[in-house]
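The values are calculated or read from the model by the stated rules, or taken from the named source; none is laboratory data. Just so we're clear, the structure is a prediction, and the values are computed from it rather than from any experiment. As a convention, Cβ positions derive from the backbone with ideal geometry for all residues, glycine included, and neighbour counts pool all protein chains shown.
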Amino acid sequence: MRIGEIAHRTGASAKAIRLYESRGLLGVVARAGSYRQYGEADVARVQLIRQAQALGFRLAELDGLDALHTDEGWARMAALLARRRAAVARERQRLRSLDHQLATLETELHACGDRGVPIVPQDCVSGAAAG
């Protein structure tokens, strides 16, 4: 299939597909004259690249993707995924902490509003405890 068809099937632009090819992410693409000829394996690779990008991977992190058929390639991809999952876990923890801080501030603001006091949370909380 030509580049227009693989672009249509994967949702990637022809320019993006050429970029993937130039970076070596698609391996060697067959040619028929001056036209690139893509196969089903190329469709699967482009879909994988797009999925990885949607998950936040940069193209530079995907270099060597065409080596997935080797043990070393699989090990590299597994390590890459493990690092990304660890980063997601750290981000989840950061967001939980942020949510806790927001909930605390919300509680303090409600305490001020309920007392008709100017909104200075520390004063409201300490005043609520004293009053």
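State whether the residues of region 33-54 include one that is in a loop (DSSP other than H, G, I, E, B), of a type outside the set (D, E, K, R), without any contact (Cβ under 8 Å) to a residue 12 or more places away in the chain and on the phi > 0 side of the Ramachandran plot.
At the first step, the residues of region 33-54 found to be in a loop (DSSP other than H, G, I, E, B) are 33-34, 38-39.
If we keep only those that are of a type outside the set (D, E, K, R) too, we end up with 33-34, 38-39.
Among the residues that remain, those that are also without any contact (Cβ under 8 Å) to a residue 12 or more places away in the chain are: 33-34.
Going one step further and asking which of them are on the phi > 0 side of the Ramachandran plot, we end up with 33.
The answer is yes; a qualifying residue exists.
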* Which pairs do you get when a residue that is closer than 17 Å to A54 by Cα, found in region 82-102, comes within reach of a residue that is surrounded by 10 or more Cβ atoms within 10 Å (Cβ to Cβ) and at pLDDT below 95, reach meaning Cβ atoms under 8 angstrom, with the pair 6+ apart or on two chains? -> R84/L55; R84/G56; R84/F57
* Asked: Do you know which residues across region 63-86 are under 24 Å from R31 (Cα atoms) and part of a helix (DSSP H, G or I)?
  -> L65, D66, A67
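Out of region 31-71, which residues are hydrophobic (A, V, I, L, M, F, W, C) and loosely packed, with under 11 Cβ neighbours inside 10 Å?
In the first step, residues of region 31-71 are kept if they are hydrophobic (A, V, I, L, M, F, W, C); the result is 32, 41, 43-44, 46, 48-49, 52, 54-55, 57, 59-60, 62, 65, 67-68.
Residues satisfying the conditions are A32, A54, L55, A60.
Does V46 satisfy the condition of being more than 19 Å from S13 (Cα to Cα) and either acidic (D, E) or out of contact with any His (no Cβ under 8 Å at 6 or more places or on another chain) (or both)? Show your work before the answer.
On the way: more than 19 Å from S13 (Cα to Cα): no; either acidic (D, E) or out of contact with any His (no Cβ under 8 Å at 6 or more places or on another chain) (or both): yes.
When the stated conditions are applied, V46 does not pass them.
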* Selection count where residues are out of contact with any Lys or Arg (no Cβ under 8 Å at 6 or more places or on another chain) and either of a type outside the set (S, T, N, Q) or in a loop (DSSP other than H, G, I, E, B) (or both), scope region 6-26 -> 13
